[in-house]
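The structure appears below as structure tokens.
No lab work stands behind these numbers, since they all come straight from the coordinates. This one's a predicted model, so the numbers in the text were calculated from it and none came from an experiment. A quick note on method: Cβ atoms are made from the backbone with ideal geometry, for glycine too, and the neighbour counts reach across all protein chains shown.
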């Protein structure tokens, strides 16, 4: 059996599970693949890290040796599961831990509010204080989405003494009240939030949901935080708003194109806090991802039930 482990940017996958137990030939790819079909044509099993590599129908159809495609996490919008099923390719998933992404959301919020990137850079360059930060107590946290991650973010905001508001297309006040949150209209959410944090799944309904009109409605001091998916925010509109200083800061962990190109304009703006999609990248999560991936492959070899994605 030949196994490909994809997009292991830190080259750590082999240390998080007992891959030797599979008695297989394993190749680890640490960089994005330019030609997926050419590089993966001879593999029986592919382990995909989240949505870093796309597997549409035309790609799957050109991988005749592929029998099992394991994706870390419980869902993967980059895999055409229906096409895989028609081709006889089993697609399985792994467990997931949500709290690291919620924690990273607050790392971004605090970094943006206190301008930590500039202060840290100044310290390393021999300087001292360079800016005056903003506190969070008494401010308003707006949550675009109040699912598992949004609710976790709300709880932390409340601990900081923030008013917590939320909106999503199906959110009711009854549901919001379960988390001590006030449900408001989309317009009110953007207008009132001092910190606007996005916690939605990317779908046709959410793609481009935060556009020029929403950004224009925000306070000029507001912080926009995105740890969900890049395309939920209209990138061109965001760049324009940041350049015009229409909002205070964008704190981002996700982007339209990943890895973010080295010459991308977001990298050159001084009112951004940028991290390389590391919200879920913790030892605890990788233990689950790669440990479950090995279990899935072993189960597949043995003809036992595994975590099949639907």
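Summary of values
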item	result
Virtual paramagnetic centre 7 Å along Cα→Cβ of residue 103, amide N under 18 Å, in the stretch 200-237	227-228
Cut-off 14 Å, label 7 Å out along Cα→Cβ of residue 31, residues of the stretch 3-18 by amide N	7-11
Sequence of 108, 33 once ranked by neighbouring C-beta atoms within 10 Å, starting from the fewest	33, 108
Stretchable slack from residue 244 to residue 114, in nm (0.36 nm times residue separation minus alpha-carbon distance)	44.7 nm
Shape metrics for the chain, restricted to C-alpha atoms - Rg then Dmax, Å	21.1, 62
Computed Kirkwood radius, in angstrom, where 1/r is averaged over Cα pairs of the stretch 1-113	15.3
The chain - share of DSSP beta bridges that are antiparallel (%, nearest 5)	5
Stretchable slack from residue 159 to residue 132, in nm (0.36 nm times residue separation minus alpha-carbon distance)	7.4 nm
Residue exposure sequence - 92, 122 - by fewest surrounding Cβ within 10 Å	122, 92
Additional length obtainable on full extension of the chain from residue 75 to residue 287, 0.36 nm per residue less Cα span	74.5 nm
Expected 222 nm ellipticity per residue - DSSP helices of 4 or more, -39500 (n - 2.57), all of the chain, to 500	-9000 deg cm²/dmol
Whole-number percent relative contact order across the stretch 99-274, with pairs defined as alpha carbons under 8 Å at least 6 apart	20
Label-point separation in nm, residue 67 to residue 82, each point 7 Å along Cα→Cβ	2.7
Mean shadow area of the stretch 108-267, taken as a quarter of the surface of its Cα convex hull (nm²)	9.8
Helix axis angle, 99-113 relative to the chain longest principal axis, alpha carbon, degrees	30
Centroid-to-centroid separation of the stretch 1-58 and the stretch 96-164 [C-alpha atoms, Å]	34
Helix axis angle, 148-159 relative to the chain longest principal axis, alpha carbon, degrees	30
Value of relative contact order over the chain, rounded to a whole percent, pairs C-alpha under 8 Å and six or more apart	18
